[in-house]
Amino acid sequence: MTISAKRLQEINDIPDESIDTSDIPELDDNFWEKAKLVEPITKKAISLRVDSDVLEWFKNQGKGYQSLINSVLRSYVEHQIKKK
């Protein structure tokens, strides 16, 4: 999802007291007792050789092509793990 700079500025300009948070429940002690820390998966910069036509296809998908390559690889890995 993308958001325009104009819309982002409009959102940032809304005063905190104007934001309706009445439908958001308060976090009680029970929540924090069960809460678990979720560490993000870190990425590593690597050098990888791929066929030039494959790289061009991914680049032609636009901005974020490297993340797309990562998603494709992750999907393959998860599939292989499920097979075992």
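Within the option set Gln80, Gln66, being open to solvent by 100 Å² or more (accessible area, probe 1.4 Å) and in a helix (DSSP H, G or I) holds for one residue only, Gln66. Do you know which residues across the stretch 1-36 are modelled with pLDDT of 90 or more, within 30 Å of Ser67 (Cα to Cα) and either of a type in the set (Phe, Trp, Tyr) or open to solvent by 100 Å² or more (accessible area, probe 1.4 Å) (or both)? Within the stretch 1-36, Lys6, Arg7, Asn12, Lys36 meet the criteria. The combined condition, being in a loop (DSSP other than H, G, I, E, B), surrounded by 10 or more Cβ atoms within 10 Å (Cβ to Cβ) and either at pLDDT 90 or above or among the small types (Gly, Ala, Ser) (or both), is fulfilled by Gln61.
Taking residues in the stretch 58-84 that are of a type in the set (Ser, Thr, Tyr), and partners anywhere that are part of a helix (DSSP H, G or I) and surrounded by 11 or more Cβ atoms within 10 Å (Cβ to Cβ), the pairs with Cβ atoms closer than 6 Å and at least 6 places apart or on different chains are Tyr65/Phe58; Tyr65/Lys59.
The values are calculated or read from the model by the stated rules, or taken from the named source; none is laboratory data. The shown structure was predicted, so the numbers you read here are calculated from the model rather than taken from an experiment. Positions of Cβ are backbone-derived with ideal geometry, glycine not excepted, and every protein chain shown enters the neighbour counts. We work out accessible area using only protein heavy atoms, side chains counted, and drop any ligands, DNA or RNA first. Shrake-Rupley method; radii C 1.70, N 1.55, O 1.52, S 1.80 Å.
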